[in-house]
Amino acid sequence: MPALKDEYSAAASPLSGDSFDEDLFTLVPHDEYLRSDYVKPVELPLQSAKKQSRFKPESADEIELAAEITSVKMPSLRQVPVEHAKRAAQPTLLSFHGLKQQPFDVTPDPSYLYFSPSHREALTSLSDGIENFRGFMALVAEPGMGKTTVLNKLMDEIGGSARVVFLFQTQCTSNELLAFLLNELEVDHGGKDIVAMHRALNRVLLEEMLAGRRFVLVVDEAQNLQDSVLETIRLLSDFETTHSKLIQIVLAGQPQLAETLLRPSLAQLRQRISVLSSLKALTLEETRAYVEHRLREAGWGGRLLFTPEAVDAIAEASGGVPRTINNLGFNALRKAYTRRQEVIDANLVREIAGNLNLESLARPAEPVAVAPAVVVAPAPEPTSFTEDSVTERVLQALSAAFAGELRSHADPITAASESAPAPESGTVLAGKLNQKVRCQSWSEKHESRIEINLDRGPISGTPIAERYYACHFYIRDEEASNLKVGKPIRIRIEQD
């Protein structure tokens with residue numbers, strides 16, 4: 001009987017009776033084999049095992065015994081390639097770094113929100129506005145600053161005492177907006193026109209008020225809303241009693257939202273905004289605290305993971321933008337894991353920052369014509385804005401408009417540029433020649449008036465502009481002779 005089992009085991013072996021090489025194979029418990037993420041169990045066909053067996057039953061007892069053998073379950077130990085077994089035992093990215101969760105995830109998880117002074121102020125202002133039934137509130141900030149995370153934290157805080165509807169798909173019409181609201185409120189709106197939907201929404205808002213609950217509409221990415229949809233949202237604020245508003249509305253978006261609200265056609269909506277908040281980029285100290293906060297939330301035990309120099313390099317490369325900090329942090333953890341590097345240093349962070357630089361992957365710019373000299377006429381001078389300065393100036397203009405200090409027809413960028421300093425000496429403006437017109441100067445000599453559309457990207461130290469700017473120059477006729485419309489051009493402004 002033992003000999004019969006040995007023959008079957010040899011026949012059922014993956015090596016088909018050949019010699020066993022311990023350098024290539026190892027024995028792994030059956031349950032561990034099944035749990036492995038790297039190898040999948042393969043059931044050996046019993047028919048194949050029976051065919052390979054050298055045992056041929058003859059008597060009735062041997063035939064019965066052979067039938068029992070063919071129904072035997074797979075052995076508890078399996079021969080698994082050593083390479084697969086080692087891979088199954090390797091640590092994951094998180095376990096290698098001593099983490100329980102991904103600290104630099106892309107989702108706007110409110111538990112990971114770091115309260116910088118501007119983030120705390122924004123959350124507090126919005127909460128107070130809702131608590132005091134202020135009606136309209138706005139949150140304006142650059143992309144990646146954490147607007148959605150702040151909104152999620154806000155909804156967590158007020159969720160127990162208010163009915164909250166979160167709208168993030170803002171590419172919609174007025175009808176689609178109202179239909180979305182009624183869907184969230186589980187109100188049938190099939191076949192109803194916009195007037196009937198307004199009436200149904202008003203009825204639901206009254207029911208919420210009688211039940212002692214606030215109704216809050218939070219609109220993310222509001223800079224994408226059409227003017228007509230913004231006007232529809234304004235009309236929603238008219239749902240009120242003699243004592244309080246039935247609906248509280250929070251508009252959150254990028255600086256384009258502030259520019260949109262400054263349009264004369266939206267003056268009524270702009271006047272209704274009683275709370276205006278913004279988010280600022282993190283400083284060096286705040287970036288250090290931000291990284292540590294997210295690591296601790298992810299289960300970090302406190303052992304050295306990022307050197308102080310590495311965190312400083314993250315702050316420098318990210319410009320204090322939380323989304324960019326997360327991208328750098330995740331890729332640094334991933335690269336350190338692949339290299340089995342337990343401590344992330346500044347060199348690794350700089351390497352990651354270089355790999356994430358899209359400008360290095362862009363096609364080289366075409367050769368550009370450079371004017372040998374430029375004479376700037378009394379035409380309006382171009383003004384360079386950084387992203388932060390544009391946001392700050394637009395918000396200042398918007399705040400002034402709320403206070404009635406800005407004319408309704410004024411352009412926010414033009415108003416801000418009136419007090420902007422002139423470009424420093426040696427500034428290079430890059431763009432594309434849009435127009436070249438030959439004209440006659442006051443001295444009756446011919447000259448050329450050129451119009452340039454300035455680029456967004458930084459070239460020769462020129463700050464990034466929030467939008468494209470067009471500027472005009474008057475140059476000598478002979479200097480303009482080699483300039484071609486539609487081609488790139490650079491203008492250098494120097495001061496003696």
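The values are calculated or read from the model by the stated rules, or taken from the named source; none is laboratory data. Note that the coordinates shown come from a computational prediction; the quantities given were computed from them, not determined experimentally. Here the Cβ is made from the backbone with ideal geometry for all residues, glycine too, and neighbour counts use every protein chain on show.
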Picked from the stretch 256-271 (must be free of Cβ contacts under 8 Å to residues at least 40 places away in the same chain and either over 28 Å from the mean Cα position of the chain (by Cα) or surrounded by fewer than 20 Cβ atoms within 10 Å (Cβ to Cβ) (or both)), the residue nearest to residue 135 (Cα to Cα) is 268
Return yes or no: is residue 94 assigned to a helix (DSSP H, G or I) and either buried (at least 16 other Cβ atoms within 10 Å of the Cβ) or at pLDDT 90 or above (or both)?
yes
Among helices (runs of 4 or more DSSP H) entirely within the stretch 194-311, at least 2 residues that are modelled with pLDDT under 95 occur in 194-210, 227-236, 255-261, 267-272
*hydrophobic (A, V, I, L, M, F, W, C), outside the structural domain of residue 208 (by TED's automatic domain parsing), at negative phi and surrounded by fewer than 18 Cβ atoms within 10 Å (Cβ to Cβ) - does that describe any residue in the stretch 316-338?*
yes
* Asked: Within the stretch 240-255, is there a residue that is touching a Phe, Trp or Tyr at 6+ places or on another chain (Cβ under 8 Å), of a type outside the set (D, E, K, R) and surrounded by fewer than 16 Cβ atoms within 10 Å (Cβ to Cβ)?
  -> yes
Of (1) charged (D, E, K, R); (2) over 22 Å from residue 126 (Cβ atoms); (3) assigned to a helix (DSSP H, G or I), residue 186 satisfies every one except (3)
Notebook entry, point to check: Within the bounds of the stretch 226-245, is there any residue that is among the acidic types (Asp, Glu) and farther than 29 Å from residue 185 by Cβ?
Noted result: no
